[in-house]
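See structure below.
The values are calculated or read from the model by the stated rules, or taken from the named source; none is laboratory data. Quantities reported herein were computed from a predicted structural model and do not represent experimental measurements. All Cβ positions, even for glycine, are placed from backbone atoms using ideal geometry, and neighbour counts span all protein chains on display.
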Amino acid sequence: MYLNNLLGAADPIVDWELFQSSLWPMIQGGIQYTIPLTLISFTIGIIIALLTALARLSNSKILAGIARVYVSAIRGTPLLVQLSIIFFGLASIGLVIDPFPSAVIAFSLNVGAYASEIIRASILSVPKGQWEAGHAIGMTHKQALTRIILPQATRVSIPPLSNSFISLVKDTSLASTILVTELFRKSQEIAARTYEFMQLYITAAILYWIVCFTLSVIQGRIEKRLDRYVAK
C-alpha cells in the first residue's frame with residue numbers, strides 16, 4: 001500500500017497521451033539522425049578499416065606502425081571521450097565542427113579501428129594456398145588479393161561486421177552528449193519538459209530494440225545465404 005501511495009495509485013502506469021505525442025518526434029529523430037549517422041559512419045568506417053587492415057599486413061614497417069598506433073589509440077580510449085575531443089576539444093583550439101559531422105568523424109574512426117581487426121583476421125584466415133594458386137596462374141599480388149583473397153575474406157567477415165553495425169546503432173545514442181538531436185536526445189528533451197523519464201527512456205529503448213532486432217533478422221538471412229557457398 002505504501003508503494004502504491006508513493007507512486008500514485010490513481011495515476012496510470014503509462015500515460016498513453018504522452019506516449020502518442022512523443023512517439024513520432026522520437027521516430028523522426030531516428031529517421032533524420034540515428035539512421036543516417038549509422039549508415040554514413042559505418043560506410044566511412046569500413047573504408048578506413050580496409051585500408052588499416054591492409055596497412056597492418058603490408059611489408060612497410062612505417063605503414064604497419066601507424067596503423068597499429070591508430071588501432072591501439074582508438075580501442076584503448078572510450079568512445080565518449082573521442083566524441084568529446086572532436087567536438088569540444090577541437091573547438092577549444094579554434095577548430096569548430098558542427099555536432100553531426102563531429103559524430104560522423106568519431107564513429108567512423110571508432111568503427112574503422114575495430115572493423116580493421118575483423119578484416120585483418122578474415123584475410124589471415126584464408127589459406128596461404130589460395131595466394132599460391134593465384135600466383136601460379138600468373139596473377140600479381142594485387143590481383144590475387146582483389147580477385148581471390150578479399151572475396152573469401154568478405155564472407156568470413158560479414159557476421160562480425162554485422163554485429164559491429166548493430167552495436168553502432170546503439171552507440172549513436174552517445175551523440176546526444178554533443179547535441180545531435182537523434183532518437184535518445186529527443187527522448188531526453190521531452191522527458192525534461194514532462195518529467196516522465198522512465199516512460200520515455202523505456203520507449204526509446206524499445207525503439208532501439210526494434211531496429212536492432214530487425215537488423216539481426218536480416219543478418220541471419222544473409223548468413224544463411226552465404227552458407228550455400230560453403231562446402232559441407
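Checked across region 109-127, the condition of being over 20 Å from S157 (Cα atoms), part of a helix (DSSP H, G or I) and touching a residue at least 60 places away in the same chain (Cβ under 8 Å) holds for no residue. Please verify whether region 131-151 includes one or more residues that are surrounded by fewer than 17 Cβ atoms within 10 Å (Cβ to Cβ), assigned to a helix (DSSP H, G or I) and among the aromatic types (F, W, Y). Checked against the condition, which is being surrounded by fewer than 17 Cβ atoms within 10 Å (Cβ to Cβ), assigned to a helix (DSSP H, G or I) and among the aromatic types (F, W, Y), region 131-151 yields at least one hit. Restricting attention to region 121-137, does a residue exist that is touching a Lys or Arg at 6+ places or on another chain (Cβ under 9 Å) and over 20 Å from F165 (Cβ atoms)? Taking every residue of region 121-137 in turn, at least one turns out to be touching a Lys or Arg at 6+ places or on another chain (Cβ under 9 Å) and over 20 Å from F165 (Cβ atoms). The set of residues in region 21-43 being within 11 Å of the chain's Cα centre (by Cα) and surrounded by 17 or more Cβ atoms within 10 Å (Cβ to Cβ) consists of T34, L37, T38, S41, F42. Are any of the residues in region 162-181 assigned to a loop (DSSP other than H, G, I, E, B), in contact (Cβ under 8 Å) with a residue 12 or more places away in the chain and more than 19 Å from the chain's Cα centre (by Cα)? Looking for residues that are assigned to a loop (DSSP other than H, G, I, E, B), in contact (Cβ under 8 Å) with a residue 12 or more places away in the chain and more than 19 Å from the chain's Cα centre (by Cα), one finds none in region 162-181, hence no.
Quickly run through region 190-207 and pick out the residues that are touching a residue at least 12 places away in the same chain (Cβ under 8 Å), under 22 Å from F100 (Cβ atoms) and surrounded by fewer than 18 Cβ atoms within 10 Å (Cβ to Cβ). Give the derivation first.
Let us first name the residues in region 190-207 that are touching a residue at least 12 places away in the same chain (Cβ under 8 Å), namely 190, 194, 196, 199-201, 203-204, 207.
With under 22 Å from F100 (Cβ atoms) added as a condition, the list becomes 190, 204, 207.
None - no residue of region 190-207 is touching a residue at least 12 places away in the same chain (Cβ under 8 Å), under 22 Å from F100 (Cβ atoms) and surrounded by fewer than 18 Cβ atoms within 10 Å (Cβ to Cβ), so the list stays empty.
For T38, indicate whether it is farther than 17 Å from T154 by Cα, in contact (Cβ under 8 Å) with a residue 60 or more places away in the chain and part of a helix (DSSP H, G or I). For T38, the condition - farther than 17 Å from T154 by Cα, in contact (Cβ under 8 Å) with a residue 60 or more places away in the chain and part of a helix (DSSP H, G or I) - is met. Is region 59-71 home to any residue that is on the phi < 0 side of the Ramachandran plot, of a type in the set (A, V, I, L, M, F, W, C), in a helix (DSSP H, G or I) and surrounded by fewer than 12 Cβ atoms within 10 Å (Cβ to Cβ)? Yes, because at least one residue in region 59-71 is on the phi < 0 side of the Ramachandran plot, of a type in the set (A, V, I, L, M, F, W, C), in a helix (DSSP H, G or I) and surrounded by fewer than 12 Cβ atoms within 10 Å (Cβ to Cβ). Exactly one of these conditions fails for V96: (1) at pLDDT below 95; (2) of a type outside the set (F, W, Y); (3) in a helix (DSSP H, G or I). Give me its number. Going through (1) at pLDDT below 95; (2) of a type outside the set (F, W, Y); (3) in a helix (DSSP H, G or I) one by one, V96 breaks only (3). Taken as a whole, region 153-169 holds at least one residue that is of a type in the set (G, A, S) and closer than 30 Å to A91 by Cα.
Going by what's in this entry, would V111 be described as within 20 Å of G45 (Cα to Cα), of a type in the set (A, V, I, L, M), at pLDDT below 90 and buried (at least 19 other Cβ atoms within 10 Å of the Cβ)? Walk me through how you get there before you give the answer.
Numbers: within 20 Å of G45 (Cα to Cα): yes; of a type in the set (A, V, I, L, M): yes; at pLDDT below 90: no; buried (at least 19 other Cβ atoms within 10 Å of the Cβ): yes.
Considered against the rule, which asks whether it is within 20 Å of G45 (Cα to Cα), of a type in the set (A, V, I, L, M), at pLDDT below 90 and buried (at least 19 other Cβ atoms within 10 Å of the Cβ), V111 comes out as no.
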